[in-house]
Every structure is written in structure tokens, then in C-alpha cells.
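Following: one structure in C-alpha cells, then a few remarks.
No value in this document is a laboratory result; all are computed from the given coordinates. Since the model is a prediction, treat every value here as computed from it, not as a measurement. Glycine gets a Cβ as well: all are built from the backbone with ideal geometry, and neighbour counts include every protein chain shown.
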Amino acid sequence: MYILLIGYLYVIGMMAIASGSLALGGFFIVVLGILPTWLILWLKRAGQIKSAERQAERAREGEQTAVDRNEGQNTP
């Protein structure tokens, strides 16, 4: 994933350099480089956060069921 992103940014950087105008090069960098990169990284990180929350919830549920089983064994 990251190697594709690095390659994409390289191509956009070369387009910006070859554009011939500082304003057009800046436009390429911002619109075609920074914004899509930020969006991709933000979506990827959001998925990682949701996955970690689900995993933590499963761990809490697992601990709760283990406690419930232990309580059931301790009662006479």
C-alpha cells in the first residue's frame, strides 16, 4: 500500500516539476498529491481504529464470560 502511495507521489511531483509554472506546480502538489494522500491515510487509519475497538470489545466480552463461568463454579 505504502509503496504505491510513494510511487504516486513521485509521479505527481514530477508532473509538478515539469509543469513549467510555480502556481501550476503548487496546484498539482496540493490537489493531486496532498488531498488524495490525506484521504487515503485518513480512511486507512479510521478502519484501523474501528478494528481495534471491535477487538477490545471482544476482549472485554471474553473477560466477562470468563468471570461469569468462575462465579458459577464458586457457588455451592
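I'd like the FRET efficiency for GLU57 and TYR8, computed as 1/(1 + (r/R0)^6) with the beta carbon distance as r and R0 of 30 Å, rounded to 0.05. List each step's numbers first, then the result.
On the way: r = 35 Å, r/R0 = 1.16.
Working from the Cβ atoms, E equals 0.30.
For helix 2-18, what angle does its Cα long axis make with the longest principal axis of the chain, in degrees from 0 to 90 and rounded to 10?
The angle comes out at about 20 degrees.
Taking Cα atoms, how many degrees apart are the long axis of helix 35-74 and the longest axis of the chain, rounded to 10 and kept between 0 and 90?
10
Residues of the range 7-50 with the amide nitrogen closer than 17 Å to a label point 7 Å from the Cα of MET1, along Cα-to-Cβ, please.
7-9, 36-50
Hey, can you rank 23-32, 54-63 by average C-beta count inside 10 Å, highest first? Mind showing how you got there, number by number?
Values: 23-32: 14.1, 54-63: 10.0.
The densest-packed peptide leads the list: 23-32, 54-63.
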